[in-house]
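Participant: Okay, here's the structure, questions in a sec.
The values are calculated or read from the model by the stated rules, or taken from the named source; none is laboratory data. Note that the coordinates shown come from a computational prediction; the quantities given were computed from them, not determined experimentally. Cβ: placed from backbone, ideal geometry, glycine included. Neighbour counts: every protein chain shown. Side chains are part of the model used for accessible areas, which takes the heavy atoms of the whole protein and leaves out ligands, DNA and RNA. Shrake-Rupley method; radii C 1.70, N 1.55, O 1.52, S 1.80 Å.
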Amino acid sequence: MRGFIGFIVMIQGAMGFIGQTFSDGAWGLLPHWFELPSIAYAGLFAAGAALAVWGDLDKKRRQKRGESGA
């Protein structure tokens, strides 16, 4: 679940940063609710990437130990 949420946050951060930097406004869902600077979208991308990697590493560790991921 961590990896999925991280992927969604990463996509929203990337869309916001790219849209605000290279276009007239941020893209995605977040600009409908929040007005964030470009650096905040870059931070969201980094946080989402960290969550995705953390979730993937945890899943691999569980598989290595033989646990089932419920």
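Participant: Hey, among the residues in the range 22-64 that are free of Cβ contacts under 8 Å to residues at least 12 places away in the same chain and under 19 Å from GLY3 (Cα atoms), which one's farthest from the chain's Cα centre (by Cα)?
Facilitator: That would be LYS64.
Participant: Name, by its number, the condition in (1) open to solvent by 60 Å² or more (accessible area, probe 1.4 Å); (2) at pLDDT 95 or above that does not hold for GLY43.
Facilitator: (1)
Participant: I'm told ILE5 meets every condition in (1) open to solvent by less than 70 Å² (accessible area, probe 1.4 Å); (2) touching a Leu at 6+ places or on another chain (Cβ under 8 Å) except one. Can you identify the failing condition by its number?
Facilitator: ILE5 satisfies every listed condition except (1).
Participant: If you don't mind, there's one more thing I want to ask. Does GLY55 satisfy the criteria of being part of a helix (DSSP H, G or I) and in contact with a Lys or Arg (Cβ under 7 Å, 6 or more places away or on another chain)?
Facilitator: Yes: the conditions hold for GLY55.
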